1. Given the structure, is Val48 on the phi < 0 side of the Ramachandran plot and outside any helix (DSSP H, G or I)?
2. So, Glu140, is that one under 17 Å from Ala13 (Cβ atoms), touching a residue at least 40 places away in the same chain (Cβ under 8 Å) and outside any loop (DSSP other than H, G, I, E, B) or not?
3. Name the pairs: first residue in the stretch 120-137 and more than 18 Å from Leu169 (Cα to Cα) and in contact (Cβ under 8 Å) with a residue 12 or more places away in the chain, second residue β-branched (Val, Ile, Thr) and surrounded by fewer than 23 Cβ atoms within 10 Å (Cβ to Cβ), Cβ to Cβ under 6 Å, at least 6 apart or on different chains?
4. Just one of the numbered conditions (1) in a helix (DSSP H, G or I); (2) small (Gly, Ala, Ser); (3) modelled with pLDDT of 95 or more is not true of Ala75; which one?
5. Among Arg97, Arg163, which is the only one that is free of Cβ contacts under 8 Å to residues at least 12 places away in the same chain and part of a helix (DSSP H, G or I)?
6. Given the conditions (1) more than 14 Å from Cys161 (Cα to Cα); (2) in contact (Cβ under 8 Å) with a residue 40 or more places away in the chain; (3) over 12 Å from the mean Cα position of the chain (by Cα), which single one is not true for Glu31?
7. Closer than 16 Å to Leu28 by Cα and either surrounded by fewer than 17 Cβ atoms within 10 Å (Cβ to Cβ) or touching a helix residue (DSSP H, G or I) at 6+ places or on another chain (Cβ under 7 Å) (or both): which single residue out of Ala143, Ala166 fits that description?
8. Is it the case, given these coordinates, that Gly113 is surrounded by fewer than 17 Cβ atoms within 10 Å (Cβ to Cβ) and part of a loop (DSSP other than H, G, I, E, B)?
Amino acid sequence: MSDRRAVVGVMGAGETAAEEALVLAEQLGAECSRRGWAVLSGGRPVGVMAAVSRGARSVPGHLVIGVLPDAGEEAAAGSGATAAVDVALFTGLGQARNVINVLSADVVVVCGGGGAGTASEACHAIKAGRPLVLLAVPPEWVAFFGALSRSVRVVSDVDSCCRAVAQHLVAR
């Protein structure tokens, strides 16, 4: 077992995120920080990314990492593209940064589902052998990702999600 802080990648919808997903993401971010886990997201100031970052930052000792699609121009212009992150990683890779999100996380959580970007992150997690936990996602997501990998965990609340994450982290 490594002494390195565990990194939980939380993915989900941006501008189209449902209110339920935002509430769960904020709770999940706080609980991850309470457990001493670093939280990684897409780092933008919208949707699940902003909510999980906000929740994680509400707990002392937090570490919030944002992997951003641009090269830093938006932040330099003062647009706040980094949301509430401690470490902003500007990739300049656009949507290709989704691979970095997944490969930098010890466990990937999809919170509430999302669009094509979130689905790509879930697929990358399966392909890369990263543990994937689906938190309160639509039934279609459960069916599709469950058909791709039997190791996908499906949970409906933050406590169950954190238990699933902890089980994966013990095995790393």
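The values are calculated or read from the model by the stated rules, or taken from the named source; none is laboratory data. The model shown is predicted, which means the values in this text are computed figures rather than measured ones. Note that each Cβ is placed from the backbone with ideal geometry, even for glycine, and that neighbours are counted across all protein chains shown.
1. Values: on the phi < 0 side of the Ramachandran plot: yes; outside any helix (DSSP H, G or I): no.
The answer is no for Val48.
2. The answer is no for Glu140.
3. Pairs found: His124/Val99.
4. With (1) in a helix (DSSP H, G or I); (2) small (Gly, Ala, Ser); (3) modelled with pLDDT of 95 or more applied to Ala75, the lone miss is (3).
5. Arg163
6. With (1) more than 14 Å from Cys161 (Cα to Cα); (2) in contact (Cβ under 8 Å) with a residue 40 or more places away in the chain; (3) over 12 Å from the mean Cα position of the chain (by Cα) applied to Glu31, the lone miss is (1).
7. Ala166
8. So Gly113 does not fit the description; no.
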